[in-house]
Amino acid sequence: MDKQALIYVAGHTGMVGSAIVRKLKNEGYDNLLMISSEDLDLRSQSEVDDFIYDYRPKYVFLAAAKVGGIHANNTLRAEFYYDNIMIQTNVIHSAFRHGVTKLLNLGSSCVYPKMAAQPISEEALLTGALEETNESYAIAKIAGIKMCDAYRDQYGCNFISVMPTNLYGPNDSYDLHHCHVLPALFRKFIEAAAKDAEYVEIWGSGKPRREFMHVDDMADAALFLMKNYDDAGHINVGTGKDISILELAQLLKQITGFTGIFKHDLTKPDGMMRKRLDVSRINQLGWKASIGLKEGLVDLYNQIRSQFKVYI
Ligand code: GFB
């Protein structure tokens, strides 16, 4: 990738987009195109098309999306369809129309069937029914993969799709109703430790297992794939290791110094019981995640603990 080339990072204020921007800047890619959602509504076809036509970026990282945890996915189904399908359709189509050299489309491990064999390989896509709690997000993201492949087949576009595991890191959302489990539990434990609370509430049984990867590893993989991967289909990115939600809670309890007990809210869904990705394809290409979970969590704790002072 030419260091002078114009690179558009769609979703640059989000957790993944901001990590990609940090990574690109660290590697000397300074010609970055970024625009806030107030100035460009990615759901608007004409606005997106004018923007791509005006700036003509050479590379696009498509990290803009409507995202959220299990509750948001389960209750905001219409938004998860509409926003995600509109954003990716507009950006991918305009990237084709205005000659973008390469586009990286970010998906999610929730595209795979609920009962997929573990670890989940890329071939498991569309081999079974989806997990109900995040079906709209998954269908939107599957459409993104298939759209990139269709533009590759019909028009020869070098558009690739990347399926990351559950991510965590700086610039995440901590809205307890709508965020993912890791930021939710981090916030709950930090606040409970500060207040010396009796218990922390954990949704569901605590038995589901998740694979958590630091977003800086994701950004590293995104740049690696932009440079080294030009194939149809999609490629998994993860650590290859998972832990149960209960084990995560125990780790966070230890890091935050909380001394109370866990209380399970069994009215909340568990979601998929396991979704560990098979990362042998990206490993064989020469990329591996490098940030250990405990190391990443301690680092994040040091960054966010002061953020919650206001609630204490
Ligand atoms: O991260 P999360 O919201 O979504 O929840 P998914 C993971 C697991 O943690 C579920 C449990 O079993 C939750 O019941 N959990 C326990 C909690 N306590 C909490 C809590 O306080 N908040 C939350 N949010 N969960 C999402 C998908 O699935 O993962 C998306 O819905 C996307 O589509 C994303 O793929 C990566 O891991 O189940």
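Worth pointing out:
- Residue in the range 76-84 that is farther than 26 Å from Asp265 by Cα, buried (at least 19 other Cβ atoms within 10 Å of the Cβ) and within 16 Å of the ligand (Cβ to nearest atom) present: yes
- In this entry, Lys141 passes the filter for residues that are over 16 Å from Leu248 (Cα atoms), within 9 Å of the ligand (Cβ to nearest atom) and either crowded, with 21+ Cβ neighbours inside 10 Å or not assigned by TED's automatic domain parsing to the domain that holds Ala72 (or both).
- Looking at the range 166-277, the helices (runs of 4 or more DSSP H) lying wholly inside it that each contain 1 or more residues that are polar (S, T, N, Q) and at pLDDT 95 or above sit at 215-228, 245-256.
- Residues of the range 286-302 that turn out to be farther than 12 Å from Gly169 by Cα, surrounded by 13 or more Cβ atoms within 10 Å (Cβ to Cβ) and touching a Leu at 6+ places or on another chain (Cβ under 9 Å), as a count: 1
- Flag for Thr89 being away from the ligand (no atom under 15 Å from the Cβ), in a loop (DSSP other than H, G, I, E, B) and under 29 Å from Thr133 (Cβ atoms): no
Rundown of residues vs (1) touching a Cys at 6+ places or on another chain (Cβ under 9 Å); (2) under 17 Å from Gly296 (Cβ atoms), yes/no style:
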residue: Gly144; (1), (2): no, no
residue: Cys148; (1), (2): yes, no
residue: Asp153; (1), (2): no, no
residue: Gly156; (1), (2): no, no
residue: Asp172; (1), (2): yes, yes
residue: Leu176; (1), (2): no, no
residue: Phe212; (1), (2): no, yes
residue: Asp220; (1), (2): no, yes
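- Verdict on Arg305 being open to solvent by 40 Å² or more (accessible area, probe 1.4 Å) and under 27 Å from Gly107 (Cβ atoms): no
- Set Asp242, Asp270, Asp230: member being open to solvent by 50 Å² or more (accessible area, probe 1.4 Å) and either more than 10 Å from the ligand (Cβ to nearest atom) or assigned by TED's automatic domain parsing to the domain that holds Leu297 (or both): Asp230
- Listed here are the helices (runs of 4 or more DSSP H) enclosed by the range 12-76 that have at least 2 residues being in contact (Cβ under 8 Å) with a residue 60 or more places away in the chain, in the same structural domain as Ala138 (by TED's automatic domain parsing) and under 21 Å from Thr165 (Cα atoms): 15-26, 70-75.
- Apart from one condition, Lys263 fits all of (1) open to solvent by 40 Å² or more (accessible area, probe 1.4 Å); (2) touching a Gly at 6+ places or on another chain (Cβ under 7 Å); (3) not β-branched (Val, Ile, Thr); the exception is (2).
- Among the residues of the range 58-71, some residue qualifies, meaning at least one is within 16 Å of the ligand (Cβ to nearest atom), farther than 17 Å from Gly11 by Cβ and touching a Lys or Arg at 6+ places or on another chain (Cβ under 9 Å).
The values are calculated or read from the model by the stated rules, or taken from the named source; none is laboratory data. Note that this is a predicted model, so its numbers are computed, not measured. Please note: Cβ atoms are built from the backbone with ideal geometry, for glycine as well, and neighbour counts cover all protein chains shown. Quick note on the areas: whole protein, heavy atoms, side chains included, nothing else; ligands and nucleic acids left out. Shrake-Rupley method; radii C 1.70, N 1.55, O 1.52, S 1.80 Å.
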